[in-house]
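Accompanying notes for the structure given below.
Values quoted throughout were computed directly from the atomic coordinates according to the rules given, and no laboratory measurement underlies them. Fair warning: this is a prediction, and the values are worked out from it, not measured in the lab. Virtual Cβ from ideal backbone geometry, glycine too; neighbours counted across all protein chains shown.
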Amino acid sequence: MTEASARFHRSVAEALADPHLRQALDRTTGRLAGGLAKAFATIPDAGALRDTARRIRAHTIAHLDQHLDQFERAATARGCHVHWAPTAADATRLVVDIARARGVSLAVKSKSMVTEEIELNAALGAAGVRVVESDLGEFVVQLADDRPSHIIAPIVHMSRDDVARLFEDKLGARPDEVADIPAITAFARRTLRQEFLQAGMGISGVNLAVADTGSLCLVTNEGNGRLTTTLPRVHVAVMGLERIVPTAADLGVVLQLLARSATGQALSVYTNIITGPRRPATSDGPGEPDGPDELHIVVVDNGRSRLLGGELAEILYCVRCGACLNICPVYHHIGGHAYGGVYPGPVGSVVSPGLMGLDEWSELPHASSLCGACRDVCPVRIDLPRLLLNLRAQTVAARMGPAWLRIAMPLYAAIATRPVLYRWLGSLAARLSRMMGHDGWLDRLPGPLSAWTTERDFPVPAPRSFVQEHHAHAPRAGGCE
Amino acid sequence: MTRPTRVQLFVTCLVDRFYPSVGHAVVAVLERQGLDVSVPMDQTCCGQPAFNGGFTDDARRMARHTVDVLSASPDPVVVPSGSCADMIVHRYPELLADDAAYAARARDLAARTFEFTQFLVDVLHVSPAAEPDGPRLAYHASCHGLRGLGLVEQPRQLLRAVAGDRCTDLPGAGICCGFGGLFAVKLAGISAAMLASKIEAIAESGADAVVATDVSCLMHIGGGLHRRGSRVRPLHVAEILAGTRHD
């Protein structure tokens, strides 16, 4: 087993042994999944809407180069600076350079998974720029020196008391200032307001960018996104290169699904559509009376373009709603941290190996029972089990995974394609296991199969197989004997 | 399709080796419908363990074997398992799409393969007689039947006809029990945690038996129930329909 595999299995075991985590996940994933079902019940033909959204995403990804060109032209025409970052290092260097050139020492940031992916905070910190997370969940994560464990609910693994204690320890909050969730929120808001007023740069992600208008769409529920993108003089928006929709009408389709799938809302509390920085009216357009002086858009590739045209390209349809996490029974039991990457759950099990290769992430595609709940809930109908199966096949082709299985599976296939041998070995195995069993059950299986019997029993095979019994008792029914 | 007079039974490797009584129950139910049931002798495993493990070439070999065995006759094929039926119906045509000798036969087989309850309800339009007494049943909706083949109403309709109000859905009936084939061995801890949740739901239901369309789930759930000393029995839907559950 590789070091990466061992690390994954260790973190899974730790997560499973944590009853506190289990309670927190029960509470939140259940609420989010239930909210989704209710929210979809309010639209007449949710299936057709999903089909439309899928077609939009599929079309966009199939013609991504054209849409990105169009987006760059439109955004530039509205006064934005568009930067292309082939790698995470290029992306962070671009943002650091922008901050340095403008003498920025403090940046506020709204919630963004891609900035987690490129580890932007660390890069800015190393360059002497303090970054303050302004999403409440991300603010808590940063304060605790932790990592988000969910795409849209970063502190799903923590309780209210955990946060209250953290604020007392790290921010000197008095007990009455963190007595309940409204008090905690008010305390965070007071703390953050000062940072907003002093920050020289606001950093955001991008939920979706509109190609034909050059607009950025950001959805939040806390209003921090609006402050981040309007108050500081410079706004830097970081986006994965797949987050494009062709038109505002397409945006409308996807947004209806995004909020419902993410939080069970018909629409997020704040839906911001940002089209360029503050600028005077000209003969070309009406201008923009408020907002930042400068708007920089950093488009991050970081492995995404490698997936284009391949069998995993479908994962680029993802709009990062997190619904597949909330519905996934595996995520429900191990939470987000155990997956190891920035993106947990079924989507993460494709994205992490897809963007960063299987060497470090070969276990993730196998961490699924392939139950298909993720495929059913996905607003753009990504066939996640199929993508996981594709990655599994890649791990086998690369001779990754348990050595015993690489011997056992071809052997099993060789036996199962030789029916006489199959029946004879089946009967032999049945006889042997009957000698080891008690009352029709085995409480210990040998070798790697012993993992089954750590927590469940295994039935003893019948002395004669059904096919053998059937043909012995009712030879007339045996069409092929 | 028109009502057939003969069917082939692809019984699945787990029924064949571990639950022959389920196979006999399936035959009894089908014969009661006046069908001539043949059981091809050389059937083995559909190849799902290999396919789900990423061993595509091995899965393909087993798929070819099964196509051969079930193409000796043009009769429809009944499979008492949602996941094995889903494998034949949806995966075989993909796996063998580029195989000149097998692609057409795989598609033909897929078109005449049915999961057991799907065949009873959608093809034979069976409505079984009510039984006044019997155990309280809780239905678990196996994943691949539910989400792969869309088996939502068929098993429930049959169980309700027999057991009426004695049959209810398990709380969270459609949540995976954690079996997932090799998943139960490769990530045994997660699998066992999922099983523990399923067993909590079974206890909460107060049922005497948990019923499903797939013995794979029932083997997993049954192994967990037995380890805990539970008296709740795992039963295949065919055992309920054949009236052999008291055996």
Taking the simple approach of a point 7 Å from Cα along Cα-to-Cβ for both A:ASP439 and A:LEU308, what is their distance in nm? 6.4 nm
Only Cα pairs within less than 10 Å get springs; with that Gaussian network setup on chain B, which residue of B:GLY54, B:GLY134, B:GLY82 has the largest fluctuation? B:GLY54
Computed over chain A: longest principal axis from alpha-carbon atoms vs helix A:64-77 long axis, angle to nearest 10 degrees, is 10 degrees
Need the list of aspartates and glutamates near B:LYS186 for cross-linking: C-alpha distance under 17 angstrom, and skip anything on the same chain fewer than eight residues off. A:GLU3, A:GLU14, A:GLU363, A:GLU455, A:ASP457
Per residue of B:139-150, count partner chain C-beta atoms within 10 Å of its C-beta, then hand back the mean as an integer. 2
Using the number of other C-beta atoms within 10 angstrom as an exposure proxy, rank A:LEU25, A:LEU68, A:LEU411 with the fewest first. A:LEU411, A:LEU68, A:LEU25
Once the piece of chain linking A:ASP65 and A:ASP359 is laid out straight, how much longer is it, given 0.36 nm per residue of separation minus the C-alpha distance between them? 103.0 nm
Using a Förster distance of 25 angstrom, determine the FRET efficiency expected from the C-beta separation of A:ARG27 and A:ARG174, and round it to 0.05. 0.40
What's the FRET efficiency of A:ARG464 with B:GLU153 using the Cβ-Cβ distance as r and R₀ = 30 Å, to the nearest 0.05? 0.25
Relative to the first principal axis of the alpha-carbon coordinates of chain A, what is the inclination of helix A:88-101, with its axis defined by its Cα atoms, in degrees from 0 to 90 and to the nearest 10? 10 degrees
Arranged from highest to lowest average of other beta-carbon atoms within 10 Å per residue, in what order do the peptides A:345-353, A:270-278, A:254-262, A:305-313 appear? A:345-353, A:254-262, A:270-278, A:305-313
Scan around A:ILE297 for amide H atoms under 5 Å from its own, H built in the peptide plane at 1.01 Å from N, and keep only partners 5 or more places away or cross-chain. A:HIS81, A:VAL82, A:HIS83, A:ALA237
Could you check which residue among B:ARG60, B:ARG91, B:ARG17 shows the biggest mean-square fluctuation in a GNM of chain B with a 10 Å Cα cutoff? B:ARG17
Rank these for me by crowding, B:PHE179, A:PHE196, going from fewest to most other beta carbons within 10 Å. A:PHE196, B:PHE179
5 angstrom amide H check on B:TYR19, placed H, neighbours 5+ away: none
Taking 0.36 nm per residue of separation between A:TRP424 and A:ASP162 and subtracting their Cα-Cα distance, the length gained on full extension comes to 88.3 nm
For peptides B:162-175, A:181-194, sequence by mean Cβ density within 10 Å, most packed first: B:162-175, A:181-194
Would you kindly derive the ³J(HN,Hα) couplings of region B:82-89 from the backbone phi angles with the Karplus curve 6.51 cos²θ - 1.76 cosθ + 1.60 (θ = phi - 60°), listing them in order in whole Hz, with x for Gly and Pro? x, 6, 6, 5, 4, 4, 5, 6
Taking beta carbons within 10 Å but only from partner chains, what does the mean come to for residues B:193-199? 4
Beyond 34 Å, how much of the Cα-Cα pair distribution for the protein assembly as shown remains, as a whole percent? 52 percent
What order do you get for B:THR5, B:THR12, B:THR44 when you list them from fewest to most C-beta neighbours inside 10 Å? B:THR5, B:THR44, B:THR12
How well do other chains shield peptide A:415-423, expressed as the mean number of their Cβ atoms within 10 Å of each residue Cβ? 6
Can you spot the lysines whose alpha carbon is less than 21 Å from A:LYS109's alpha carbon? Ignore those fewer than 8 places along the same chain. A:LYS170
Cα-projected label distance for B:ALA97 with A:VAL269, points at 7 Å along beta-carbon direction, nm: 4.6 nm
Folded to 0 to 90 degrees: helix A:248-263 orientation relative to chain A principal axis, Cα: 60 degrees
